[in-house]
Structure formats: structure tokens, C-alpha cells
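Step one of this worksheet: look at the structure below.
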Amino acid sequence: MRLQAARTTGRRTGAAGYGGWVWARHWEFWLALALGAALRLWRLDLTQYLDDQTRLMVLARASVTHGLIPLTGIPSSIHTLNPPLSVYLLLPFAAFTADPMPVVISVALWNIAGIALCYIFTVRYFGRRVAALGALLFASCGAAINYSRFIWQQNYLPPLLVLWALTLYLGAVEGRRRWFGANVTLLALATLLHPTAALLAPVTLVAAVLAPRFPRWRAWAASALIILALALPTLLWEAVSGFSDLSAIRRYALGHSHITPAVFYYLYLAIGSPNSNLSGAAVPFDALNILASMLFVAGWLVLSARIIRPARALPWRRKYGVMAALRAWLVELYYELRDSDTWKINLLLWLSVSLPIALMIRHSAALFAHYLMVLYPTAFIVSAIGAVSAITWITRRLRVRDPRLAERAALALEVSLLLLILARSAQWVSYPASLTGARFSAYETYDYGYPLADIQAGARQLDQLQRQTGAATVEVVTPSDPRYRLPADYIFAGERADRVTLASNCLLLPSTGSWLIASAAPNLPAASLLVSITAAKPVGALRMTGGPDYPVYQVSNHGSALAGQQSVSPVRFDDGAGDALQLTAVAPLGRGSLVLSWSIVAAHAAEGQARSFTVSAAEGGASGSATCEAQRWQAGETLYTILPVASGEGLRLRLKTGTSGLDIRAAAPVRFLSALDGGQAPVAMAPEPAQTGKAPIQPTINGDGSITIHVPGAP
């Protein structure tokens, strides 16, 4: 009878059952939503746009323009290919435009909806005060805002995870039917966006065990079919690629794992604010992050106490022996958990934040702050519980001595929390503004790169210069690092046939007509080369807010020799597949660099394939190389390559050529797309004398497929 009474009194003691549209009449709901929207949309044009964002847009655009079905997303941090769900989310936008900005806006709006869902879920199960504070903390968290403002697959997680939690509680706490299939579907979708979401699977299993209605076998079977259907593109990719990702997964799973507290540092970053050096905010960065972390720790301790306290109250029947008493205690614990809504509510939240952290303590690869996005927004609900519990605990003890003092203390603490939220919001407002300030450097300040607005503005300026000069072709020299090269390729050249991009140590000049050449990064070797070409005249500059301006030159039938140029008795290099180049001249470029001048004799046309050309140089024990990649080049054009060499005596040169492009696999009548490189691997180009002559430099053709040249007077 005592046990039955305990079960009965334990039911409906929480906030379960709070439903309907009551939340819509709460002013703090609209305040949190407005704050979250303002911060996420503030200067959204300054969104970060790097290689991952570009790869996602390229996959989406290629899918709709070429009629392809994506089988993969972009590469992951453990070198596997992500599932294609993130690409599918971009397809509706890519079908109408190549502009990334509409996708950025959709990501921000999706995460704003996550704030609304956070409040709705929290007020239903934890009360209005916790819901208000949790939603406001979520809305003002700098890291959460940052992950809401650029294109990335895991940035879609927060609203999905709130919906997952809502279905979890509907089934385990309220006993709703058909919750299990929806919960598994949401968790599977989240896992396809980032595998860390799979760490929440044990919570779903615990909820199934504690639910008033255990899921029937049909629900389990339907859930398995749903998972299979969602994973079908990935399973198909593994089949057609010979299970290419399994080796990377095996290395990650079986790698040397170690236990470190690094996960707590990344948790500190995930619930904190952007980097202090970049934000330039007057509000102390570390102080706000420490306060946010203290709230989370307090909430976690409160939840732990709420879980342990009822368990300790259960009787321990010593007279049956240790094992029998333990079994009886566990059975009673199970039934108490099933019957107590409050206990289940707290336990499921505690598991949702504790399990991912605990499972990441031991890892075999580097951790990142975005791995902790699996705690959005449950971490902020826990923080709100800590804050509300602290206020309640303090005021209760003060009320015994002085009720007025208790009221003042409660007001002071609530004002302090409001100031914390305002300070975090002010800190974020200063963060995007710092991306246009004098301290910001696009390629040196925390790898941010040029914001999307800057790159797009530069592309518009380049269009205007092309119209003014009447140039037939525009060439953009980009950084060699793919992190910055790919965005410049996509925005400046994209799908346009009149645009060419090249890496920073290469330059392509026309055989006929007029070209514009822009150098899209500071201090590039190609920029120095442009200055030394007499036929290249400056016609303007692309004004870039986040760094040095891009100089723009016009070149028409260059025909001029470089300063200090020495002719080479021509040597032709041929790859046997349609590409042939001829070395014609050598010139110094500053101290420690040589420019090799190549005449393109023949170019193999490959639709959708970029050309790559690598020249490697060795002298003594030192070596250097230059790799050029371009959407296309044509016979008659001149290609300059800049080699970092100390001298020109006994310089041994080798050449390779290849292609890069989309990985398209056909299974008639369907064609599939992956993020792998579908080009041809570089092959050696064989040298042979093009003609005899009395040029100052006479190359020697070696038996290993290289040539040796001696450049007198070279640096």
C-alpha cells in the first residue's frame, strides 16, 4: 500500500500537460523570439563563406543544372563523406539561383524557429520562468548565433533536436501514441546532418522503456524502415564506391583513443560567445563565458540532485541479501520512474546533456566546438534551471529573516540575469561590426576569409569594369589555399564561360583580344608578376572592406618580354592525351623566384573539367613547385609559372598535367553525384626538343623525363 501511494503521489507533479497555444500569450516568448531574430539577422550579409560553404553550393547547383542525384555531402573532419541531406536542403534554392545569400537567410530563419520551439517545449515541461530564461539565453548565446548565420550541415540541428525532445516527452511523459516513429525519424535526420546526434540514441531507448506505452513491434519495424530509407543514398554510395568510407571509419573507431578534459573546454566555447580578439567588444569576453558556464554547472547539479533524491528515498530491504535487495530496489526504481512525471522529466533532460559530454571525454580524434551543438538548446534549459533554482534557494532562506530583503534579492538576481543577456547581445552586435574594422584581416584573423558581402561586391565591381573596358575574358588570381580559393572561384567565375581563375603562383595571358586580370589576395606572386609585364596596365581596383583592395589590370596581346627575360631553346612537353606545352623563356622575379614562360601548344577540351598543371623544380637538396588550375586554357595562350628557387644553376624540371571536376557516376537512366574529385590523376608529361636554335639557355633532356636548365645570373 505504501508503494502504491508513493506512485500515485508522484504522478503529474511536473508541468506535463501544459499545452495548447497558451505560450503565444506570453510576452517573454515574443521577446526571446524578437531578440533571437534581431541578433541572427543583424548584418547577415557578413556571413562567413569559405570552402565548405562553396562545396555545398557547388553540389547543389550541379545537381539541378546537370540533372544529378547527390549521393554524398561534403567531406567530414574524419575524412569520410557526409550524407547528402544537407545538399538536399539546398536544392530548392539552387534550382533558382547560384547566389548563396537566400540559403544563408533560410538557415537563420530556421534557427529563429528553433528559439520558438525551445520556449514551447520548455514551458510545457519546466514552467514559464525556466522557459523564459532558457529561450533568452539561447537567443543571446554568441556561439549559437554564429552557427545560425552561415551555410553548414550541422547548423540545421537545433530545431530538429528540440522537436526530437518534444516527441520524446510526449511519449515518455504524456503517454502519446505514435511518438516513437517520429522521434526516431527526427534523430535519424539529425544524425545525417552530424553524427554526434547519434549520441542521443540511448536517451530514446530509455524513454521507450519508461513510457506508459512501450512501443509495439510495428513501431520498431517502421522505425527501422524509416532509418533504411533515409540512409539509402549513403548505402548506395558505399556500394558504388566500394565502401570507400569504411576504412576511415575503422581508423577513427579503432584509433588510439585517449581520455582528456578537452570536451569541457569546447562546451565552454559552445555555450559562450565569439572569439574575443575578433569581436573587439568592450564587454569582457571571458567574464561572460564564465558566468554562462557557471549557470550550466549549477543547472546540471540541480538536475542531478532531483534525480538522486527520489532514488535515495526508496527502501533498501537488507533481509533478502545484497543481490536480492539490489534487484528489489531496481524494480521499485523502475516502477517509480515510470509513474513519476517529474522524475522522468528531469532524468531525460539530464541524460540529454550528460551522455554526449560523457561519451566525448574519450576520443580518438580532435574535438571541435560544433560537436557540442548536439546540446542546443537543452544546455540553455539546464542553465535556466540553475538560475531559477539559485534565485529560489536564496530567497527562501532570506524570507525567514526578512521578507523584504528576500524580495530585493530576488529582484537583484533577476536584473543581473537580464544584464547578462543584454551584455551577451551587445557583444554579438559588436562582432559583425568588427568584420569591417581596421583590425580585421580576411586571411589572417582566425581564418574567417572575406565575408560573403565583400566577395559579392567585388564580383559586381569586376562586372562593371568588364563592361567599361569591353574585355572578352576576366581572369582572377586566387589564393592557393582551397579554404579561400574555392569561394573566389565560385563567386568571381562560377558558371560563366568568360571567366578563368588561377592559383596565386600562375598567370595566363591571351593570344588575342583583351583580358582583365584581378589579383584576389594580398601579396600574391602573380600580383608582382603583373606589375612587371609592360603590356599590363592598371584599370582599377576592387574595394574590399575586410582587407587590401584587389588590383585589376587590362592586358591586350601582351607580346612583351619580362624584365631580365632569357629565351630558352624550346622544349615541348606532351601528356599524350591532348595537352602540350612548350617552355620558351625564363625570367627572375624579385629575390628567390623564377618565372617560366610556357606557350600552350594544344589543350584537350573536357566539359566540366578544370585543367591542372604542375611544374616541379629541384636544385641540389632544395625543391619547389607551382600548380596551376583553370577551368580552361586554349592553344596560343601564354602561361607563366612562378617557382620559389634560390638560384637557376642546374635546375631540374618535371611536369605533370591532370584534371579536376565533378564525380558523376551513371546507372542508366540515372546519374549520381558525389563530393569526390572526378578528374584524372596527374600524369607525367614527356619532354622532347621542339626545334633547334641558338637561344641563351639550352635545356638538357634527361632519361627520367625531366629537363635541366642553367639560368645565368638568376637569383
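Give me the distance in nm between label points sitting 7 Å out from Cα along the Cα-to-Cβ direction at Leu330 and Asp677, one decimal.
Between Leu330 and Asp677, the simple spin-label model gives 5.4 nm.
If I ignore ligands, DNA and RNA and count only protein heavy atoms, how much of Trp515 is accessible to a 1.4 Å probe, in Å² to the nearest 10?
Per-residue accessible area (Trp515): approximately 10 Å².
If you stretched the chain out fully between Ala535 and Met294, how much longer would it get, using 0.36 nm times the residue separation minus the C-alpha to C-alpha distance?
Contour length minus the Cα-Cα distance gives 80.3 nm.
Please work through the chain and write down the cysteines that have no neighbouring cysteine Cβ at a distance under 4.7 Å.
Cys118, Cys141
Name the aspartates and glutamates eligible as straight-distance cross-link partners of Lys656: C-alpha to C-alpha under 16 Å, and not fewer than 8 places from it in the same chain.
Partners found: Asp574, Asp575, Asp579, Glu629, Glu688, Asp704.
How much area per residue is accessible in the chain when the probe is 1.4 Å and only protein heavy atoms are counted (Å²)?
43 Å²
Counting DSSP beta bridges in the chain, what percent are antiparallel, to the nearest 5?
Among the beta bridges of the chain, antiparallel pairing accounts for roughly 85 percent.
Do any trypsin sites (Lys or Arg not before Pro) in the stretch 170-260 lie in a loop, going by DSSP, with at most 15 other beta-carbon atoms within 10 Å of their beta carbon, and if so which?
When the trypsin sites (Lys or Arg not before Pro) of the stretch 170-260 are filtered for loop state and at most 15 Cβ neighbours within 10 Å, Arg177, Arg178, Arg213, Arg216 remain.
Just to verify a number: what accessible area does Met360 come out at with the full protein assembly present, 1.4 Å probe, Å² rounded to tens?
Rounded to the nearest 10, that gives 10 Å².
For Asp463, what is the net charge nearby, where nearby means another residue's Cβ is under 11 Å from its Cβ and Lys, Arg count +1, Asp, Glu -1?
For residues surrounding Asp463, the net value is +3.
Test of understanding: extend the Cα→C-beta vector of Asp663 to 7 Å, then name every residue of the stretch 85-110 with backbone N under 17 Å from that spot.
Within reach of a label on Asp663: 85-88.
In terms of modelled amide H atoms, which long-range or inter-chain residues lie less than 5 Å from the amide H of Ala695?
The list, which skips near neighbours in sequence, is Ser569.
If I model a spin label at Thr65 and Leu246 as a point 7 Å from the Cα along the Cα→Cβ vector, what separation in nanometres do I get?
Computed distance between label sites Thr65 and Leu246 equals 3.6 nm.
With a 1.4 Å probe and all protein chains kept in place, how much accessible area does Leu193 have, in Å² rounded to the nearest 10?
0 Å²
Which one is right for this structure if Cα extents along the principal axes in Å is calculated from it: (1) 145, 67, 42; (2) 76, 68, 52; (3) 111, 55, 48?
(3)
Quick one: net charge of Ser223's neighbours, Cβ under 13 Å, K/R +1, D/E -1?
+3
Can you compute 3J(HN,Hα) from phi for each residue in the stretch 588-600, using the Karplus curve 6.51 cos²θ - 1.76 cosθ + 1.60 with θ = phi - 60°, rounded to whole Hz and x for Gly and Pro?
Karplus-based 3J(HN,Hα) across the stretch 588-600 equals x, 9, x, 9, x, 9, 10, 10, 9, 9, 10, 9, 7 Hz.
Quote to one decimal, in nm, the extra length available between Arg25 and Arg460 on full extension: 0.36 nm per residue of separation minus the C-alpha distance between them.
Separation in residues times 0.36 nm, less the Cα-Cα distance, equals 152.0 nm.
Within the accessible area of the chain, what % is carbon and sulfur when the probe is 1.4 Å and the other protein chains stay in place?
62 percent
Whose amide H sits under 5 Å from the amide H of Val539, counting only residues 5 or more places off or on another chain, with H placed in the peptide plane?
So Val539 has HN proximity to Val552, Tyr553, Gln554.
Which of the aspartates and glutamates could be linked to Lys344 by a straight reach, that is with a Cα gap under 20 Å, when you skip same-chain ones fewer than 8 residues away?
Glu174, Glu332, Glu336
Working with all protein chains in place, sort Phe672, Phe243 by solvent-accessible area computed with a 1.4 Å probe, largest first.
Phe243, Phe672
The values are calculated or read from the model by the stated rules, or taken from the named source; none is laboratory data. Just so it is clear, the structure is predicted and the values come from calculations on it, not from any experiment. Note that we place each Cβ from the backbone using ideal geometry, even for glycine, and neighbour counts take in every protein chain shown. Heads up: the accessible areas ignore ligands, DNA and RNA and are worked out on the full protein's heavy atoms, side chains in. Shrake-Rupley method; radii C 1.70, N 1.55, O 1.52, S 1.80 Å.
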